1. Multiplying the sequence separation of residue 156 and residue 115 by 0.36 nm and subtracting their Cα-Cα distance, what value in nm do you get?
2. Return the FRET efficiency for the residue pair residue 43, residue 101: r is the Cβ-Cβ distance, R0 is 35 Å, and the value is rounded to the nearest 0.05.
3. Using 0.36 nm per residue, how much length does the chain from residue 191 to residue 214 gain when fully extended, once their Cα-Cα distance is taken away?
Amino acid sequence: MLATQLKQEELCTIKILADLHDVSERTIARDLQLMRDQGMPIDADRGRGGGVRLDRNWGVGRLNLSYPEAVDLLISLAVAEQMKSPMFLANLGSVRRQLIASFSSDKRHKVSGLKSRVLIGSTASTYVQRSVVTTNTRAVQALHQAFLDQRALTIHYENEAGEASRRKIEPHYLLLNYPVWYVMAFDHLREAPRAFRCDRLVAAEVSEIRFRLLPKDHFKQSLEGNAVI
C-alpha cells in the first residue's frame, strides 16, 4: 500500500505518510529503508519541503502474483480464449505460457491441463440469471483449491427449492453458462456425475483424498442439463 502511494504521489513527506497511516515518522522511515533494501528505487529530497517518491517506472514488466492469484488468472485466460472474443486475444496464449512457466516444477504439471478442464457453454436463460445469488467467497476459494489439486470436496449445498444437503464431491470440470458457473463433479451421495451451481455453495471444505480425472464423456448427461441440481 505504501509503495502504491509513493508511486502515485508527486512528492510526499514522511510526516504526511505517518499521518495518513496513523503511525510514527520513525515507523515510516524504517519501512522506507526496508523497501530500499528490497531494491525499490526510492528517491528523497532533503531540506525544507523535501519528501520521498518511488520511481514511476519501477515495476514495469514485473508481476508478483501469489499461486492462487496466478491460478485464477489462468482460469480467466482460459475462459477468454474459449469464448473466442474478437478483442484482446492476440497475446493471451503467450501470457498463459509465461504464467505456467513461472510456476515451480512441482506445480507446473498441475496447471498445464487446466485449460481443457474449463468448459464454455451457452448463455444462461433469463430464468436462470434471475435466480443467481451472491457467491460465498470462502466456499468458492475452497472449490478452486480442490479443483486444481484434484481433491475431494465436502460441500453444504442448497438446490433450487432451497433444500440443503451435505455432499462429498470430486470437482472434475468447471462449466460457464454465462454468467453462471457450474462444477461438474462426481457426487458420492448419488454415486453418479452431477452439476452443481457454484453460487449455491453455502460452505465447502477441501479433503486430503485425491481423485483421478474422468473423461468429459462421463459428464455428458450433466453437460446436457439433465443432471443439474
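Computed from the coordinates by the stated procedures, all read-outs in this text should not be read as laboratory data. Note that the coordinates shown come from a computational prediction; the quantities given were computed from them, not determined experimentally. Note that we place each Cβ from the backbone using ideal geometry, even for glycine, and neighbour counts take in every protein chain shown.
1. 12.1 nm
2. The formula returns an efficiency of 0.55 here.
3. Working it through step by step, the gained length comes to 6.9 nm.
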